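Read through the structure below, which is laid out as structure tokens, and then see the notes.
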Amino acid sequence: MSKKAQPRRLAETEASAYAHAIRVSAQKLNIVAQTIRGKPAAAALNELAFSPRRIARDVRKVLQSAIANAENNHQLDVDKLIVKEATVGRAFTMKRFHARGRGRSASVEKFFANLLVVVRERADEPAAADEKESA
């Protein structure tokens, strides 16, 4: 008496990786995620490797994990992968306080964010171009 298997949420030509509770605000993480959306996987890895932002290292790890999932779990061609989506969401907020003068305190919020990276294998474009020429 087990549960029925859920259907796969992604298409057969897609793979994903998820990072939970990355120690950065969602706003800052989204700036880095925007730079890789829609790019080929190799170009996105290169972009993240040379990005000056601290969080780019974590985004690069998630992208590498998505590429590895595509190759090992779904037998997709690594050279044809593109970043279909890089979705950022807010996680939780740790609330701390900072001691101020005259016995007062100020609140400090430490934000966390989630990141989902989906890579997709692009269709063969040269084959589509050959069909147009023959028509």
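Remarks
- Ala33 being farther than 22 Å from Lys110 by Cα, aliphatic (A, V, I, L, M) and in contact (Cβ under 8 Å) with a residue 12 or more places away in the chain: no
- Filter pass, Leu10 being closer than 13 Å to Val117 by Cβ, more than 13 Å from the chain's Cα centre (by Cα), among the hydrophobic types (A, V, I, L, M, F, W, C) and surrounded by fewer than 20 Cβ atoms within 10 Å (Cβ to Cβ): yes
- Extreme residue, farthest from Arg23 (Cα to Cα), among residues of segment 53-85 that are aliphatic (A, V, I, L, M) and in contact with a Gly (Cβ under 9 Å, 6 or more places away or on another chain): Ile82
- Against the test of being buried (at least 16 other Cβ atoms within 10 Å of the Cβ) and assigned to a loop (DSSP other than H, G, I, E, B), the options Val24, Val59 yield a single qualifying residue, Val24.
- Residue ID - farthest from the chain's Cα centre (by Cα), chosen from residues in segment 70-93 that are of a type outside the set (A, V, I, L, M, F, W, C) and in a strand (DSSP E or B): Thr93
- Under the condition of being assigned to a loop (DSSP other than H, G, I, E, B) and among the acidic types (Asp, Glu), the residues counted in segment 1-17 number 1.
- Selection from segment 94-129 of residues that are assigned to a strand (DSSP E or B) and aliphatic (A, V, I, L, M): Met94, Ala99, Ala106, Val108, Ala113, Leu115, Leu116, Val117, Val118, Val119
- Any hit, segment 68-86, residues being acidic (Asp, Glu), at pLDDT 95 or above and touching a helix residue (DSSP H, G or I) at 6+ places or on another chain (Cβ under 7 Å): yes
- Residues being of a type in the set (Val, Ile, Thr) and either farther than 28 Å from Gln34 by Cα or touching a helix residue (DSSP H, G or I) at 6+ places or on another chain (Cβ under 9 Å) (or both) - total across segment 87-110: 2
- Where Leu45 falls short, out of the listed (1) without any contact (Cβ under 8 Å) to a residue 60 or more places away in the chain; (2) surrounded by fewer than 16 Cβ atoms within 10 Å (Cβ to Cβ); (3) not hydroxyl-bearing (Ser, Thr, Tyr): (2)
The values are calculated or read from the model by the stated rules, or taken from the named source; none is laboratory data. Every value quoted in this text rests on a predicted model; they were computed, and no experiment measured them. Using ideal geometry, Cβ is built from the backbone for each residue, glycine included, and neighbour counts are taken over all protein chains shown.
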